[in-house]
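Chemist: Below you'll find the structure I mean.
The values are calculated or read from the model by the stated rules, or taken from the named source; none is laboratory data. As the structure is a computational prediction, the values presented were derived from the model and not from experiment. Ideal geometry is used to build each Cβ from the backbone, glycine not excepted, and the neighbour counts take in all protein chains shown.
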Amino acid sequence: MTDTAPAQAADTPTEATGPAPDHLDGVDLESWGLGTNNATGLSNNKLGMWLFLGSDCLLFGALISTYLLMRHRGTGIGPEDVFDIPFTSVSSFVLLMSSMSMVFAVSSIARGDDQKLRLWLLVTSLLGGTFIAGQVYEFTSFYREGMGYTTNLFSSAFYSLTGFHGVHVSVGIIMLMSLFVLSLTGRLKQDRAETVEIVGLYWHFVDIVWVLIFTIVYLIP
Amino acid sequence: MAIVERPSTSETLELEAGPRHATPEDALGVFKRPQGDTGWRSWLFTVDHKRIGIMYGAAALFFFLVGGIEALIIRTQLAAPDQALISADLYNQLFTMHGVTMIFLVVMPIGAAFANFLIPLQIGARDVAFPRLNAFSFWCFLFGGVFFNSSWFIGGGAADGGWFAYAPNTSVIFSPSHGMDFYAIGLQITGIASLVGAINLIATVLNMRAPGMTLMKMPVFTWMSLVTQFLLLFAMPVISVALFLLTFDRLFDANFFDVSAGADPLLWEHLFWIFGHPEVYIMILPAFGIVSETIPVFSRKPIFGYEFIVFSGAAIGFMGWGVWAHHMFASGIGPISVAAFAVSTMFIAVPTGVKILNWMATMWGGKLSFTTPMLFSIGLVTMFTIGGLSGVSHAVAPADTQQTDTYYIVAHFHYVLFGGALFGFVGGFYYWWPKAFGHMLREGLGKAHFWVMLLGFNLTFGPMHVLGLQGMPRRTHSYFDGYGFNVWNLVSTIGAFLIALSFLIFFWNIWVSKRDAKKPEWVSPGPDPWDARSIEWMTASPAPSHNFDHVPVVTHRDEFWYRKYGETDDHRIVRIAAAEDVAQTGDRTDVHLPAPSYWPILLCASFPLIGWGLIFNLGIAFAGGALALLALYGLAMEPADDPDGGHGHHDDHVDHSPTDGSDAAASPTDGDADKEATLVD
Amino acid sequence: MHRFRSVVGSARVRSFGLLALAGLVLSGCAMSLDGDTPQTTLEPEGPAASKIDGLSDLTFIIAAVVFVLVEVGVLFVAWKFRKRKDDTGDELPEQLHGNTKLEIGWTALPAVILAFLAVFTVSTILDLAEDPGEEATRIRVVGQQWWWSYDYDLDGDGVYADGDVVAPGIENPEEYETDIEVANEMVIPAGKPVYLEIESRDVIHSFWIPALNGKKDAVPGRTHYLSLEADEPGTYVGQCTEYCGLSHAYMRMVVHALPEDEYEAWVEEQLAPANEPETAEEQAGLEVFEGRCASCHLVEGVNDDTYDGATVVPGAAPNLTHFASRGTYAGSIFNLWQDTNGNDVIEWAEIGGELNRNQLEAWLRNPPAEKPMAADENRGMPNLGLSEADIDSLVAYLTSLD
């Protein structure tokens, strides 16, 4: 285990250009290919996360499209029968707040403040957990009102879309808790700030998707 | 003589010295980390992109045999009218499995094989961005394919809904065997493989190119593969959603495609083809990349209009998203949609045509040597042209309403995917074989393979144009006498067996060439048997596990060629160095490499368990899930690279794996755990 | 199985020279290697199919020219620039990297050609989509595994006779009595527009009579529209072209286009209720029908008044009211009649000739053995275990239903 490690070398040219070897003046050839000279300026890990999130956009895009097509096609119980907008607004607000605490977590580790990092990781997880609890409550009450997964097109599409999002949030909470444990055991230090940042990217993405889902599914009649 | 300036080797990168392979590190205290590079274990646990590429190719060729046998049974059944060698039910399973196998388990993985093997070599990288995720992708694909094919034995019948699986014919009512469950879950698994592979390869190309290799200096194959990976990145989630919906319908009684509940079956068609059309380019673009490498080499000229080739490839990548509904001209989507998609489909022919003309222009004025790879490449140009032109006739939507779902379509897409993709791939096999295995395939057998395959291919699929225009629908297990279908079907069947013969020649060639290489009089082809242009030929054959002794510094497109040839004052091109003098020997032993890992294969082994469990017994699914969690945890807690391996403790700077291979790219299944890989380094 | 006599497009002489040259092997000679091609797309017999064919020809000619230029070009380049035997390989050809003007040219040229083609394509699409108007005969075409039914809205009131609508609880049942419902074979007036409403009862099928128009999918839950018109009287064949399961290959259609007066006569005949049994054999057949067949098949005048919606599955099986007025059955894969030569025929004039008895008996004896079906899953006709005596009387009854 190493305690000191290079941060991203900010001054490293991102792309070697020009026709002759002269252009490599100042390039740290020793570290070429070692992740500090990436052409995109992003580490592989962060770039990978961005790519994954790009792909995930299409996943939710397809699910949201499906929901929009299904919503009014079937018969029986519909959105207006079950939705409790004030309740979901509160849980949406909780999830949005977790994005803020995630920002604090990222800035804490950037400063090297482990205590604060753990605090904000915990807060973010708890807010996310609250959202999931709200979703579980919501699903249960919908079910009690007679809206099972197989009831009609609307119910299948609704549960699938929000369920996929719920799974995303849950995975995020597991990541946050893992970071928390790693920090507790001293394995998550300032030099690994990027890891928290990458988890943060994921977390913000999931929040933004929820803003979309909340607007499209709950608010637009 | 003013020779073009060459970089000397002194600028190349020296990596930290250390033992070639890491000492084993306890991971989780359960397993010793695998080590060594011989024996079957070294293949199962490898993270070396070249071995993974080779395994992709080998697995794809195995599935090609499976799909080919399915095709031969189909053609035998159709050799004459009113035959009943096999039942309609079995026929429907066979054509479905043939299609899915050839698309998802043959053409796509061969593309992945070339991309895995070649991209790091062509961009001068040690390995891909996430070596363990690369192994994960391969095993995920393989286990997905095995799972899918296991339906023959335990599914009560294989999938019988066609590769396109139109709802509601795939619902439990209309397809009561478990075949379509295997289809939905199997493709989901291979889809995860493709998605993770795409993230990996895009990050590799964007981040890990050798010094000096700008995007516009990349070899065309790498470019086309990059476009392919972006298509995969965005197409896979769409088919994933479609397959989830189908799975939920079939296993959990959801209503997505239940017409009696009000569902619209066109939803499936749209989702499927939004994925399905980019999929076509996913299959063909790597082959375009391959011939863009081979035609210049065997014409002894650079590719004509590199920028046009590259941008037309990228244009295909973009336009490929706006043409999907041309698969649905007869599906009742309304005249305005039909007109819009007809026009967009016509214009996607433009960038494709550009490529054909650029390849011709590359050959123009060259000195062509008709080696086996060159023959296959010219085969692609000529055969794909036919497929492209019949494609234009589909873009003419009214004409398409006569042609769609007839054998004319079958002819069309086989000219594209067999005449296009497979000709390119086979040419690529012959071309890069020495780089992968250190020996050439026999040229004589190769040429025999080409001519028999060309003849067989045209005999098989050429007559299908006629059959289609005469009104023979596809996906029919039999046809009547008296419709004018008899002769051409018989010709087609004969052609199919010729194709089979050509691949027997190929497999014989593989075997006999390997035997040749063991003879004492055998002479190594050296690093550069073809007088090639790109830098994968600048290292030894077979490529050593560390790829390059020194990371090459790139100043030109076709860097390797520029190191071999220069221009005199009077503008004559002359050889300035022998390939052996320029190429690296590949015998360095002190390059630190990413360590092998047990976890990718273990993780992937859990997927079929989960799949079988969902279909038959949830207990098995939970066992699979537990294995997946264990493997994910192992993968996450195992250092992506061995921090103590090789270097001991010194400057952390070089303690990263050469590829920064901390495997942090998240996938739908392992996002959380992989994240931690970076934490424990 | 049977053989359709060619009744389509005898005379049209076409120039396929270029296409043959193009290796697409479309020439008349190539096509007729096998004799008749009754299902061909290349011999249109109606206005819609002719429009499509004209556009196809234009496309094929352009494609053929491009094909010849490219293929000959590649082969020429390969031949001309082959490495000569005396070439030592020391001298390299000129290392030409490209020519932007040339490349822009050959990017623009195909774009222009395709734009030209696009104009015709779009105008034809819009042209073909037009509703033929009020005077068109409206027919609802319903696909189901694995046969087609045709409901005629003869009185133009927008509703169709159909198993669904004669069920109890329907208002104004008398409105439906002016409409007819037939199975497997569609009869249309020649030279007049027909407007089809295409639907499906189960999975996606596709309705296709190549000589008359392109295909249109029958999607459950949706109604699609297609115009048909036959220039001349004749019999036109087609086949389901969207994969629809087990017997997709055996889901065929037949269209008889009749002169106006014959069509009117046919309509009158179809509007009449089913014939009463005249012989003891036929009477016995009726009893077999009522006992074994009537829960799925409808014979108007026999079981429509006892129809209670509970025992009869609407649309589960073809309406047999005028069974013997048709040429084919079982998804139009078997011919009901044979001519004196023993060859199966389906031409209109020969319906009602000599019965193709063996095939009909074999079908009644064990339908799943004759045509792949999933009868045990209620998809297709099951083996009813009829006795030979039952079969004989049933054949007598059914063939009396003309």
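Chemist: For residue C:134, are the conditions met, namely being assigned by TED's automatic domain parsing to the domain that holds residue C:324, at pLDDT below 95, surrounded by fewer than 22 Cβ atoms within 10 Å (Cβ to Cβ) and over 17 Å from residue C:332 (Cβ atoms)?
Modeler: No; evaluated as a whole, the condition is false for this residue.
Chemist: Kindly check whether there is at least one residue in the stretch B:554-565 that is in contact with a strand residue (DSSP E or B) (Cβ under 6 Å, 6 or more places away or on another chain) and more than 30 Å from residue B:50 (Cα to Cα).
Modeler: No, there is no match, as no residue in the stretch B:554-565 is in contact with a strand residue (DSSP E or B) (Cβ under 6 Å, 6 or more places away or on another chain) and more than 30 Å from residue B:50 (Cα to Cα).
Chemist: Quick one: how many residues across the stretch B:557-582 are in a loop (DSSP other than H, G, I, E, B), within 11 Å of chain C (Cβ to nearest Cβ) and surrounded by fewer than 20 Cβ atoms within 10 Å (Cβ to Cβ)?
Modeler: Restricting attention to the stretch B:557-582, the residues satisfying the condition of being in a loop (DSSP other than H, G, I, E, B) are B:557-558, B:568-572, B:576-578.
With the extra rule that they be within 11 Å of chain C (Cβ to nearest Cβ), the set shrinks to B:557-558, B:571-572.
Checking the rest, the ones that are also surrounded by fewer than 20 Cβ atoms within 10 Å (Cβ to Cβ) come to B:571-572.
The qualifying residues number 2.
Chemist: Could you please let me know if residue A:209 is surrounded by 19 or more Cβ atoms within 10 Å (Cβ to Cβ) and either more than 9 Å from every other protein chain (Cβ to nearest Cβ) or among the small types (Gly, Ala, Ser) (or both)?
Modeler: On the way: surrounded by 19 or more Cβ atoms within 10 Å (Cβ to Cβ): yes; either more than 9 Å from every other protein chain (Cβ to nearest Cβ) or among the small types (Gly, Ala, Ser) (or both): yes.
Considered against the rule, which asks whether it is surrounded by 19 or more Cβ atoms within 10 Å (Cβ to Cβ) and either more than 9 Å from every other protein chain (Cβ to nearest Cβ) or among the small types (Gly, Ala, Ser) (or both), residue A:209 comes out as yes.
Chemist: So if I check each of A:210, A:203, which one is part of a helix (DSSP H, G or I), in contact (Cβ under 8 Å) with a residue 12 or more places away in the chain and over 22 Å from residue A:48 (Cβ atoms)?
Modeler: Going through A:210, A:203 in turn, just one is part of a helix (DSSP H, G or I), in contact (Cβ under 8 Å) with a residue 12 or more places away in the chain and over 22 Å from residue A:48 (Cβ atoms): A:210.
Chemist: Could you identify the single residue in B:630, B:635, B:609, B:618 that is at pLDDT 80 or above and crowded, with 23+ Cβ neighbours inside 10 Å?
Modeler: B:635
Chemist: Answer yes or no as to whether residue B:314 is touching a residue at least 60 places away in the same chain (Cβ under 8 Å) and more than 7 Å from chain C (Cβ to nearest Cβ).
Modeler: It is true that residue B:314 is touching a residue at least 60 places away in the same chain (Cβ under 8 Å) and more than 7 Å from chain C (Cβ to nearest Cβ).
Chemist: Something else about it: For the stretch B:366-403, what are the residues that are part of a helix (DSSP H, G or I), over 30 Å from residue C:211 (Cβ atoms) and hydroxyl-bearing (Ser, Thr, Tyr)?
Modeler: B:372, B:377, B:382, B:385
Chemist: Okay, next question. Filter the stretch C:67-96 down to the residues that are within 7 Å of chain B (Cβ to nearest Cβ), of a type in the set (D, E, K, R) and in a helix (DSSP H, G or I) and list them by number.
Modeler: Hit for the stretch C:67-96 is C:71, nothing else.
Chemist: Mind listing whichever residues of the stretch C:200-249 are of a type in the set (Lys, Arg) and either farther than 20 Å from residue C:151 by Cβ or facing chain B (nearest Cβ under 9 Å) (or both)?
Modeler: Selection gives C:215, C:216, C:222.
Chemist: Kindly provide the set of residues from the stretch B:454-512 that are touching a residue at least 24 places away in the same chain (Cβ under 8 Å), polar (S, T, N, Q), facing another protein chain (nearest Cβ under 9 Å) and closer than 16 Å to residue C:37 by Cβ, ordered by number.
Modeler: B:486
A quick yes/no check of all residues on (1) surrounded by fewer than 20 Cβ atoms within 10 Å (Cβ to Cβ); (2) acidic (Asp, Glu); (3) part of a helix (DSSP H, G or I):
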site	(1), (2), (3)
C:101	yes, no, yes
C:104	yes, no, yes
C:112	yes, no, yes
C:116	yes, no, yes
C:121	no, no, yes
C:125	no, no, yes
C:150	no, no, no
C:155	yes, yes, no
C:159	yes, no, no
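Chemist: For residue B:169, only one of the following conditions fails: (1) free of Cβ contacts under 8 Å to residues at least 12 places away in the same chain; (2) outside any loop (DSSP other than H, G, I, E, B); (3) surrounded by 24 or more Cβ atoms within 10 Å (Cβ to Cβ). What is its number?
Modeler: Looking at each condition in turn, residue B:169 falls short on (2).
Each row is one residue, and each column tells you yes or no for (1) assigned by TED's automatic domain parsing to the domain that holds residue C:286; (2) in contact with a His (Cβ under 9 Å, 6 or more places away or on another chain); (3) exposed (fewer than 15 other Cβ atoms within 10 Å of the Cβ); (4) at pLDDT below 90.
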residue: C:351; (1), (2), (3), (4): yes, yes, no, yes
residue: C:361; (1), (2), (3), (4): yes, no, no, no
residue: C:373; (1), (2), (3), (4): yes, no, no, no
residue: C:376; (1), (2), (3), (4): yes, no, yes, yes
residue: C:379; (1), (2), (3), (4): yes, no, no, yes
residue: C:384; (1), (2), (3), (4): yes, no, no, no
residue: C:390; (1), (2), (3), (4): yes, no, no, no
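Chemist: Return yes when residue A:148 is within 14 Å of chain B (Cβ to nearest Cβ), farther than 30 Å from residue A:196 by Cβ and either within 19 Å of the chain's Cα centre (by Cα) or free of Cβ contacts under 8 Å to residues at least 40 places away in the same chain (or both) and no when it is not.
Modeler: The answer is yes for residue A:148.
Chemist: Among the listed residues A:154, A:164, identify the single one that is within 11 Å of chain B (Cβ to nearest Cβ), touching a residue at least 40 places away in the same chain (Cβ under 8 Å), under 24 Å from residue B:245 (Cα atoms) and surrounded by fewer than 21 Cβ atoms within 10 Å (Cβ to Cβ). Show your work before the answer.
Modeler: Numbers: A:154 fails: surrounded by fewer than 21 Cβ atoms within 10 Å (Cβ to Cβ).
The conditions single out A:164.
Chemist: Shifting gears a bit: Would you call residue B:200 within 9 Å of another protein chain (Cβ to nearest Cβ) and outside any helix (DSSP H, G or I)?
Modeler: When the stated conditions are applied, residue B:200 does not pass them.
Chemist: Further question on the same structure: For the stretch C:190-208, which positions are more than 18 Å from residue C:132 (Cα to Cα) and crowded, with 24+ Cβ neighbours inside 10 Å? So that I can check it myself, show each step before the final result.
Modeler: Quick first cut of the stretch C:190-208, residues more than 18 Å from residue C:132 (Cα to Cα) only: C:199-208.
Passing the criteria: C:200, C:203, C:204, C:205, C:206, C:207, C:208.
Chemist: Kindly indicate whether residue B:298 is closer than 30 Å to residue C:81 by Cα, surrounded by 21 or more Cβ atoms within 10 Å (Cβ to Cβ), aromatic (Phe, Trp, Tyr) and assigned by TED's automatic domain parsing to the domain that holds residue B:403.
Modeler: Criteria met by residue B:298.
Chemist: If you don't mind, another one. Can you find, within the stretch B:142-157, the residue that is farthest from residue B:196 (Cα to Cα) among those that are away from every other protein chain (no Cβ under 14 Å) and part of a loop (DSSP other than H, G, I, E, B)?
Modeler: Ranking the candidates gives B:155 first.
Chemist: Among the numbered criteria (1) modelled with pLDDT under 90; (2) out of contact with any strand residue (DSSP E or B) (no Cβ under 9 Å at 6 or more places or on another chain); (3) of a type in the set (Val, Ile, Thr), which single criterion is violated by residue C:7?
Modeler: (2)
Chemist: Related question: Can you find even one residue in the stretch A:206-216 that is among the aliphatic types (A, V, I, L, M), over 23 Å from residue A:59 (Cβ atoms) and at pLDDT 95 or above?
Modeler: no
Table: residues versus (1) touching a residue at least 12 places away in the same chain (Cβ under 8 Å); (2) in contact with an Asp or Glu (Cβ under 8 Å, 6 or more places away or on another chain).
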{"position": "B:548", "(1), (2)": "yes, no"}
{"position": "B:553", "(1), (2)": "yes, yes"}
{"position": "B:560", "(1), (2)": "yes, yes"}
{"position": "B:569", "(1), (2)": "yes, no"}
{"position": "B:573", "(1), (2)": "no, yes"}
{"position": "B:576", "(1), (2)": "yes, no"}
{"position": "B:585", "(1), (2)": "yes, yes"}
{"position": "B:588", "(1), (2)": "yes, yes"}
{"position": "B:591", "(1), (2)": "yes, yes"}
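Chemist: Related question: Can you say whether residue C:51 is at pLDDT 95 or above and either on the phi < 0 side of the Ramachandran plot or facing chain B (nearest Cβ under 7 Å) (or both), as far as the supplied structure shows?
Modeler: yes
Chemist: Further question on the same structure: Looking at the stretch C:367-391, which of the residues that are farther than 18 Å from residue B:173 by Cβ and of a type in the set (D, E, K, R) is nearest to the chain's Cα centre (by Cα)?
Modeler: C:371
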